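These notes are about the structure you will find just below.
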Amino acid sequence: MTEEAKSRKVERARERQRLVNAARRVLESEDGRVLMEHLAATFRVNERVFTPVRSGADVYAYDPITAALADGARAVVLHLQGLAAAPAQGDANIEEPALTVKK
């Protein structure tokens with residue numbers, strides 16, 4: 001791996017850690033928890049994406065466009081939840097980011 005590639009990799013890791021730290025500061029506050037609960041309920045994170053269409057002759061028809069829109073909204077909420085759940089590093093450690101996956 002070239003020095004330039006290593007530098008890009010480290011910078012991407014730094015940016016990711018900055019984003020994780022910011023998301024955790026915001027979303028772990030009381031207001032952040034209220035917001036995330038609202039988003040999870042509004043965009044039905046814990047419900048099925050494919051739900052039957054209730055209009056028309058075929059009650060059991062599924063609308064793939066509606067499902068795709070619902071899945072897109074869910075994906076945003078799930079991404080925010082993932083950022084909030086990621087391990088935080090102190091801002092001083094961002095300059096030497098851990099490039100390994102933490103479980």
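Readers should treat all values here as calculations from the given coordinates under stated rules, not as data from a laboratory. Predicted model only: the values in this text are computed from it and were never measured. Reconstructed Cβ throughout: ideal geometry from the backbone, glycine too, with neighbour counts over all protein chains shown.
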When the chain is fully extended, how far beyond the present Cα-Cα distance does His38 get from Arg16, taking 0.36 nm per residue of separation? 5.4 nm
Place a +1 charge on the Cβ of each Lys and Arg in the range 3-90 and a -1 charge on the Cβ of each Asp and Glu, then give the dipole magnitude about the Cα centre in debye, rounded to the nearest 20. 360 debye
Row for the range 3-90, column shape: gyration tensor on C-alpha, a ≥ b ≥ c, rounded if a/c < 1.5 i.e. under 1.5, prolate if a/b over b/c, else oblate; value oblate
